[in-house]
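These notes concern the structure reproduced below.
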């Protein structure tokens, strides 16, 4: 049984002019425990909506979403919210650290919604998690005094502190330089595999996506499996990849074009 | 359990982090609570002061005054009035009661013998009328059986004696033909500036040692000639004061009037209570105080709502992030509400403390024109009202931003 299983899921919203906007169309995907899955796609293709549905922040318009075999439609709002806190850890592009709170307080925050030992031992658990992401000496530092990479590491510690079954990372390296982004992904991969948590990454960055065991491309609300080669090239039904830093990658990502140069990984 | 503790911890953290904002928001509430608490306390003290003033003038609530007048010149002086008084106390189990008789008696002062106003009373009058001597003491039971009369005098009397105080344990001779030496044990303030010398003495002592007419006859003096003013003065009975429970006043009034009437044939007995109500002024003061305090609190609360609403807008993203941690809408609502309540509770504490400091450090009792005998401690009711108002304002002011917070769309909030 898969941990998360979407079957023919759609998500539509009604626009102010009464037209329907179909964000997701018949998405079917499953994620097993401990798996690393990546979804690539350009802006506005519904990546975040898919992530929000997976993370129980949003609900499908039609289709079925099974969480450990249980249709989420059967869960009450409160149960969904509690399961979101317990089973999912979110890592955002802009880190979304709580302002005015130290690194330790940020990592402690999710544990305020936990119960039992996790709640009462929250400070110790948060401290341990910060040590684990290499920030044991920065626990009392405010987010604005941390570098981008450090902030994202705090966010990762915060996402993992409740021991989630699934980590949902929305452009986790989007606000970081290549080197820092690589280090953050190393950390995310390492901790996810250590804790046995599934990792679903949404990204523009094909290098980041290539780290995943399975990759998908989302275009116009349709999810298509692809295959990326992290070392040199990537192949599949996504036709192109460029190596420049001009932003052309995003534009061309979903368009037919020439094959990549041999060294062609994105920066 | 963890949910409640978690919400409180969260609210407290929020307040700790936004100290300046909270401080600004709460200055108004704290001031309002100080105002409402102080006003409530002052009103309580004012009521107490007024009550005590009334008690001093007409006895405690409710004191029945029993008086009797001869219906015509032929009516004989009642001989059983004192016995009837004693029976009354037994029959109705009245704890505090006093007779009160106003007499003129000759007293030997340094400038010669003078007729001085003498009030003969019982020990309990001190309690009923809240009499507190400026110096020395009021009568005690032991004085009833003393071998010489004891006196409580006014300051004018002491001045007439040429004495500054009671340090010399002064005595004075009372009576005409056979004066009796009486010890002065207490001094009262004059009722008004330039008051005449006056003396209080225990009723039984006076009649035992000095006599109804002030002659000192009981100690060997001669009776005044019939038809003289002194003799006519005997045509009176002491007024009787009875401190009775308020809920029994009506029944007791009727029965006591009947009982005392039986003891005084040919006399008219009147029984009056002093329970005339505290008048409209007391109520008006209370309402004015509540009105002022309520208005102050309303303004403080509006300031709080204003700042809380702005804060929620500012915190939309944070609320979204917390929702992603598993914060239910109930928890978000409760959290924002609790923040407001915790904040105003703290503001309430500050306000009440300020009010206590203010009330304790200004001479409230002298402002009310004289010392308050039973100076009420800072009224607990005022502190409780202050705290309740603060918390209620916090809850009311928190509901609006809390509702806004719950309506925050998580997805939009995170991307905000």
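The values are calculated or read from the model by the stated rules, or taken from the named source; none is laboratory data. It should be emphasised that the depicted structure is a prediction, and the values quoted were computed from it without experimental measurement. So basically every Cβ, Gly included, is an ideal-geometry build from the backbone, and we count neighbours across all protein chains shown.
Summary table
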quantity	calculated
Whichever residue in the stretch A:90-116 is in contact with a strand residue (DSSP E or B) (Cβ under 7 Å, 6 or more places away or on another chain) and at the interface with chain B (Cβ under 9 Å from one of its Cβ atoms) and, among such residues, is surrounded by the fewest Cβ atoms within 10 Å (Cβ to Cβ)	A:92
Considering residues of the stretch B:1-14 that are closer than 14 Å to residue B:318 by Cβ and more than 9 Å from chain A (Cβ to nearest Cβ) only, the residue surrounded by the most Cβ atoms within 10 Å (Cβ to Cβ)	B:14
Single condition residue A:143 does not satisfy, out of (1) crowded, with 16+ Cβ neighbours inside 10 Å; (2) under 23 Å from residue B:5 (Cα atoms); (3) within 14 Å of another protein chain (Cβ to nearest Cβ)	(2)
Check on residue A:134, outside any helix (DSSP H, G or I), away from every other protein chain (no Cβ under 13 Å) and modelled with pLDDT of 90 or more	no
Selected residue (criterion: nearest to the other protein chains (Cβ to nearest Cβ)) from residues of the stretch A:118-127 that are assigned to a helix (DSSP H, G or I) and touching a helix residue (DSSP H, G or I) at 6+ places or on another chain (Cβ under 9 Å)	A:119
Verdict on residue B:100 being assigned by TED's automatic domain parsing to the domain that holds residue B:242 and in a helix (DSSP H, G or I)	no
Residue match in the stretch B:120-134 (condition: more than 26 Å from residue B:236 (Cα to Cα), modelled with pLDDT of 90 or more and surrounded by 17 or more Cβ atoms within 10 Å (Cβ to Cβ))	yes
Residue in the stretch B:145-187 that is surrounded by the fewest Cβ atoms within 10 Å (Cβ to Cβ), counting only those that are in contact (Cβ under 8 Å) with a residue 60 or more places away in the chain and not in a strand (DSSP E or B)	B:148
Residue within the stretch A:165-175 that is in contact (Cβ under 8 Å) with a residue 60 or more places away in the chain and on the phi > 0 side of the Ramachandran plot present	yes
Subset of the stretch A:133-147 (residues that are touching a helix residue (DSSP H, G or I) at 6+ places or on another chain (Cβ under 7 Å) and in contact (Cβ under 8 Å) with a residue 40 or more places away in the chain)	A:133, A:134, A:143, A:146
Tabulated pairs, the stretch B:55-79, first at negative phi, second loosely packed, with under 12 Cβ neighbours inside 10 Å and modelled with pLDDT of 75 or more, C-beta under 7 angstrom, 6+ apart or interchain	B:61/B:246; B:62/B:246
Some residue of the stretch A:156-178 being at pLDDT 90 or above, more than 27 Å from residue A:32 (Cβ to Cβ) and either within 13 Å of another protein chain (Cβ to nearest Cβ) or out of contact with any strand residue (DSSP E or B) (no Cβ under 7 Å at 6 or more places or on another chain) (or both)	no
Qualifying positions in the stretch A:140-179 - part of a helix (DSSP H, G or I), over 11 Å from residue A:95 (Cα atoms) and within 13 Å of the chain's Cα centre (by Cα)	A:160
Odd one out for residue A:11, checked against (1) more than 14 Å from the chain's Cα centre (by Cα); (2) more than 12 Å from every other protein chain (Cβ to nearest Cβ); (3) at pLDDT 90 or above	(2)
In the stretch B:28-83, the residues that are in contact with a strand residue (DSSP E or B) (Cβ under 9 Å, 6 or more places away or on another chain), in a helix (DSSP H, G or I) and at pLDDT 80 or above	B:81, B:82
Residue count for the stretch B:8-27, restricted to those that are in a helix (DSSP H, G or I) and more than 41 Å from the chain's Cα centre (by Cα)	13
Failed criterion for residue A:212 (all others in (1) outside any helix (DSSP H, G or I); (2) surrounded by fewer than 19 Cβ atoms within 10 Å (Cβ to Cβ) hold)	(2)
Among the candidates B:142, B:132, B:123, B:118, residue that is in the same structural domain as residue B:63 (by TED's automatic domain parsing) and without any contact (Cβ under 8 Å) to a residue 12 or more places away in the chain	B:142
Filter pass, residue B:107 being surrounded by fewer than 16 Cβ atoms within 10 Å (Cβ to Cβ), over 26 Å from residue B:252 (Cβ atoms) and touching a residue at least 40 places away in the same chain (Cβ under 8 Å)	no
Top-ranked residue in the stretch A:64-89 [being part of a strand (DSSP E or B) and in contact with a helix residue (DSSP H, G or I) (Cβ under 9 Å, 6 or more places away or on another chain); ranked as surrounded by the most Cβ atoms within 10 Å (Cβ to Cβ)]	A:89
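Yes or no, residue by residue, for (1) at pLDDT below 80; (2) within 14 Å of residue B:393 (Cα to Cα); (3) in the same structural domain as residue B:47 (by TED's automatic domain parsing); (4) not in a strand (DSSP E or B):
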residue	(1), (2), (3), (4)
B:269	no, no, no, no
B:284	yes, no, yes, yes
B:287	yes, no, yes, yes
B:335	no, no, yes, yes
B:340	no, yes, yes, yes
B:345	no, yes, yes, yes
B:353	no, no, yes, yes
